[in-house]
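Below: one structure, written as structure tokens.
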Amino acid sequence: MSFYKYAKEHYEQPKENLEEIYSERLQDWRREPKMVKQENPTRIPKARQLGYKAKQGFNVIRVQVDKGGTKRHRPDAGRAPSNTGQSRYSSKKSKQVIAEQRASSKYENLEVLNSYWAAEDGNRKWFEVIMVDPDHPEIENDEDINWICDKRNRAENGQTPAAKESRGLSNKGKGAEKVRPSQAANDGKTK
């Protein structure tokens, strides 16, 4: 068995003696800020599968996102609307997309390549976002990744794999006619 296969199984199926390590890790992560730049990814096989390379120009950012819905704006004055009792709503974006966009807005000089789930507890989820510096010479000279030098604001424009999945672009063919070019563009159309 290769090292990466062993490491993948090791992370996805923690043994009973490893549960203490994971609980200690989450305790440390809860005390840290919501966004932390790391030296190495926590899940190396997953990061490599998504395009990470251990070279200059690649960065891994761990982002914490709160679980659950968010508060809906309530009117300050005037007649209360009929649905005034609804205090929470679910975002159309996935938590992973929200994590990518937060990391992209904080690190404006980097581009989001991909992201993956790292951990979660009852109140939070942690995602590790793989970010690339498009102006770094090692990235410009690497033929596998230099395509990202021409792409800007991938996370904000919904061009990352998680964002495409959240927008329904993984569905093709019959039943997915109103997904492209976007769901908002097809709101007024009828068959």
At R0 = 41 Å the Cβ-Cβ FRET efficiency linking T70 and K5, nearest 0.05, sits at 0.55
Cut-off under 5 Å, modelled amide H: who pairs with A118 long-range: W126, F127, E128
What nm distance separates the two modelled labels at D135 and D150, each placed 7 Å from Cα along Cα→Cβ? 2.1 nm
Linear extension gain, N123 paired with Q49, 0.36 nm per residue minus alpha-carbon span: 23.8 nm
Amide N of segment 161-186 lying under 16 Å from the label point, which is placed 7 angstrom from the Cα of S90 along Cα→Cβ: 166-168
With the 8 Å Cα cutoff and a minimum separation of six or more residues, segment 20-65 has a relative contact order in percent of 51 percent
What GluC sites (Glu not before Pro) does segment 93-191 have in DSSP loop regions with at most 11 other beta carbons within 10 Å? E108, E143, E177
Extension length gain for E32 and E165 (0.36 nm per residue less Cα distance), in nm, is 45.0 nm
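Values in this text are rule-based calculations from the coordinates and carry no lab data. Predicted model, so just to flag it, every value in this text is computed and none were measured. Don't worry about glycine lacking a Cβ; one is built from the backbone with ideal geometry, like all the others, and counts go over all protein chains shown.
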